[in-house]
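The values are calculated or read from the model by the stated rules, or taken from the named source; none is laboratory data. Just so it is clear, the model here is predicted, and its values are computed rather than measured. Cβ placement follows ideal geometry from the backbone for every residue including glycine, while neighbour counts extend to all protein chains displayed.
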Amino acid sequence: MDRLKNIKIEKPFNDQKPGTSGLRKSSLEFQKPHYLEIFIESVLLQIDNLEGSTLIIGGDGRYGNNKAIKKIIQICAAHNVGKIIITKDGILSTPAASNLIRKRKALLGIILSASHNPGGVDGDFGIKVNTSNGGPAPEKLTSQIYRCSQSLLDYKFYDYPVPDFKDEGSFKIKDMFVEIIDGVQEYVTLMEKIFDLDQIQDYLQNHFSIVFDAMNAVTGPYAKELFVNKIGLSEKCLMNSTPLPDFGKLHPDPNLTYADKLADLLLNKRLFDFGAACDGDGDRNMILGQSCFVNPSDSLAVITANTNLIPGYKNAMSGVARSMPTSMAVDCVAKALNIPCYETPTGWKFFGNLLDSDKITICGEESFGTGSNHVREKDGLWAVLFWLQILAAKKCSVMDLMNHHWSKFGRNYYSRHDYEAIPSDIANHIYDNLESLLPKLKNERFSNSLVLEADNFSYQDPIDKSISTNQGLRIILENNARIILRLSGTGTKGSTLRLYFEKSSLLNGRIDLNPQVALKDLITSLDDLLNISALTKMNHPTVIT
Ligand code: VG1
Ligand code: CO
């Protein structure tokens, strides 16, 4: 029997456009016959020198993970890929995948995850595609993949049953070698090279209590190896640490709304000195201290200001970058350190060229993402260890560290308001309305301030000179205040409207205000201008960060 098949479909799929980070759809849509296969075929067709190459495949363990891995193995075998590296039970975090791609000199990585979106039969599924530098595919490649999928009517498939992958080992399918490794070890080795885990251990065992919430997603096994096996803490420091196909019905998005149990332990019950959580695929992080929530934009600034305390970064800072909506707190640190600070569009793919050309060492986004040149993805547990090392070196609390940071660099009051899964026509109406008002706003007064700039952000990559337009509407006010509006590119239901507000403390010098109070005039003025609460019929955003 000929196992090598060319499977034909009747009608092409027209909805496989990757968003901010990969292709995301409901699990139901991904189960449509040939849906996943056509996307994978579209990816493989864009890759030069695929025959004989090495690929990394893994995922965050959500519903559909292992079935997808098996299908991808069958398609890759049909394409004469040389070797595939997968992990025990298919569990591989996004930053660990990025590390493996680099270490094993793989041509491509395929990560099965819809990241912070819920999982399960009625949740979402997703596919992230990473290139040989370990980072997310750049826009040029994702556009090619999309274009190909729109007319593709067949795919190659090697019809041979793929064995399970519960243990380390290997097997062969056609001429392709499949190696099953432990997805945790190589990542933990990398962390041991960057951080002084002994110093963290001393501090945590004697002075400082922590709790880590893996949200029933991919970071559980990684956190167990790091915090229990290496650092020697009791397993009680871990919450939700077993990856489950439906994340135990949690929404694995580490913010104050969806990681509310963790937030309650730190902010209300004050039971620990430090708390942290990661998202579905382990690339995001939320940092909490006792009675203290660390805004991710501030986290990026604190990390940048303290690289000298971390063995992996001592005297090694070339520059930093932040996504456009991220607050300018890190800009103040970069200025003080006399290093360049780049502003990129939302999405980790835009940091790739800057990291590869060593223009930056650290980068981050307001959406709970921080990372460095150690891999080409944001890295949740890396950020947690970074914070713990700073605190262990300074022997202080999170709140003391923040207050000290703000007194030194000033505070950028910052908040993001998300209106999740609202009807797309309403979201588009609000967006289009602001876009049409922008030319009139410039040089006028808005919210008692002069509008210096009002535009739709576009970016030219300093390395490959590619241009990305329509990256978010900005109202830039005097005195370092800003309002930004974007539509999410990761949601799967309706549209998600994101509003970002920022104001610098330099004017009145106060660093102790509640950000919602400090930013109230900007929030109200935008609502007056665009009628957001009336149009969405919502009194509050779904998520406030
Ligand atoms: C969101 C965040 C963005 C992040 C992206 C992927 O995108 O805002 O900063 O890079 O998610 O994160 P959007 O288009 O929904 O605003 V992850 O952890 O889902 O890979
Ligand atoms: Co993620």
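The stretch 36-117 holds strands (runs of 3 or more DSSP E) entirely within its bounds, and those carrying 2 or more residues that are within 16 Å of ligand 2 (Cβ to nearest atom) and among the aliphatic types (A, V, I, L, M) map to 108-112. The residue of the stretch 140-165 that is surrounded by the most Cβ atoms within 10 Å (Cβ to Cβ), among those that are touching a helix residue (DSSP H, G or I) at 6+ places or on another chain (Cβ under 6 Å) and not hydrophobic (A, V, I, L, M, F, W, C), is Ser149.
Residue pairs whose Cβ atoms lie under 6 Å apart, sitting 6 or more positions apart in sequence or on different chains, and linking a residue in the stretch 518-538 that is touching a residue at least 24 places away in the same chain (Cβ under 8 Å) to a partner that is part of a loop (DSSP other than H, G, I, E, B), are Asp521/Ser447; Leu522/Ser447; Ser525/Ser447. Among what's in the stretch 83-122 and is in contact with a Phe, Trp or Tyr (Cβ under 7 Å, 6 or more places away or on another chain) and small (Gly, Ala, Ser), pick the residue that is farthest from Thr219 (Cα to Cα). Looking at the filtered set, the residue picked out is Gly120.
Yes or no, residue by residue, for (1) away from ligand 1 (no atom under 16 Å from the Cβ); (2) hydroxyl-bearing (Ser, Thr, Tyr); (3) more than 22 Å from Asp379 (Cβ to Cβ):
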position: Ile73; (1), (2), (3): yes, no, yes
position: Ala77; (1), (2), (3): yes, no, yes
position: Ile85; (1), (2), (3): yes, no, no
position: Lys88; (1), (2), (3): yes, no, no
position: Thr94; (1), (2), (3): no, yes, no
position: Arg102; (1), (2), (3): yes, no, no
position: Gly109; (1), (2), (3): no, no, no
position: Phe125; (1), (2), (3): no, no, yes
position: Lys128; (1), (2), (3): no, no, no
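The residues listed here are Leu36, Leu45; of these, the one that is of a type outside the set (Ser, Thr, Tyr), at pLDDT 95 or above and either surrounded by fewer than 20 Cβ atoms within 10 Å (Cβ to Cβ) or within 16 Å of ligand 1 (Cβ to nearest atom) (or both) is Leu45. The listed residues are Ile7, Ile57, and the only one of them that is under 27 Å from the mean Cα position of the chain (by Cα) and among the β-branched types (Val, Ile, Thr) turns out to be Ile57. Among the residues of the stretch 309-359 satisfying the criterion of being acidic (Asp, Glu) and surrounded by fewer than 18 Cβ atoms within 10 Å (Cβ to Cβ), which is farthest from the chain's Cα centre (by Cα)? Among those that are acidic (Asp, Glu) and surrounded by fewer than 18 Cβ atoms within 10 Å (Cβ to Cβ), it is Asp358. Scanning the stretch 180-187 turns up one or more residues that are assigned to a strand (DSSP E or B) and closer than 21 Å to Leu112 by Cα.
Within the stretch 198-210, the set of residues being within 15 Å of Lys394 (Cα to Cα) and either of a type in the set (A, V, I, L, M) or touching a strand residue (DSSP E or B) at 6+ places or on another chain (Cβ under 7 Å) (or both) comprises Ile200, Leu204, Phe208.
Being within 16 Å of ligand 2 (Cβ to nearest atom) and crowded, with 23+ Cβ neighbours inside 10 Å: is that true of Ser299 here?
yes
In the stretch 454-477, which residues are hydrophobic (A, V, I, L, M, F, W, C) and in contact (Cβ under 8 Å) with a residue 12 or more places away in the chain? First the steps, then the outcome.
Just the residues of the stretch 454-477 that are hydrophobic (A, V, I, L, M, F, W, C), to begin with: 454, 457, 463, 467, 473, 475-477.
Within the stretch 454-477, Ala454, Phe457, Ile463, Leu473, Ile475, Ile476, Leu477 qualify.
Let's see how each residue does on (1) over 12 Å from Thr346 (Cα atoms); (2) aliphatic (A, V, I, L, M); (3) surrounded by 19 or more Cβ atoms within 10 Å (Cβ to Cβ); (4) over 19 Å from the mean Cα position of the chain (by Cα):
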{"site": "Asn443", "(1), (2), (3), (4)": "yes, no, no, yes"}
{"site": "Val451", "(1), (2), (3), (4)": "yes, yes, yes, yes"}
{"site": "Asn456", "(1), (2), (3), (4)": "yes, no, no, yes"}
{"site": "Ile463", "(1), (2), (3), (4)": "yes, yes, no, yes"}
{"site": "Gln471", "(1), (2), (3), (4)": "no, no, yes, no"}
{"site": "Ile475", "(1), (2), (3), (4)": "yes, yes, yes, yes"}
{"site": "Asn479", "(1), (2), (3), (4)": "yes, no, no, yes"}
{"site": "Leu499", "(1), (2), (3), (4)": "yes, yes, yes, no"}
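Pick from the stretch 134-165 the residues that are among the basic types (Lys, Arg) and at pLDDT 95 or above: which of them is nearest to Ser42 (Cα to Cα)?
Within the stretch 134-165, the subset among the basic types (Lys, Arg) is 140, 147, 156.
Add one more test, that the residue is at pLDDT 95 or above, and what stays is 147, 156.
Working: Arg147: 9, Lys156: 11 Å.
Once the filter is applied, the top-ranked residue is Arg147.
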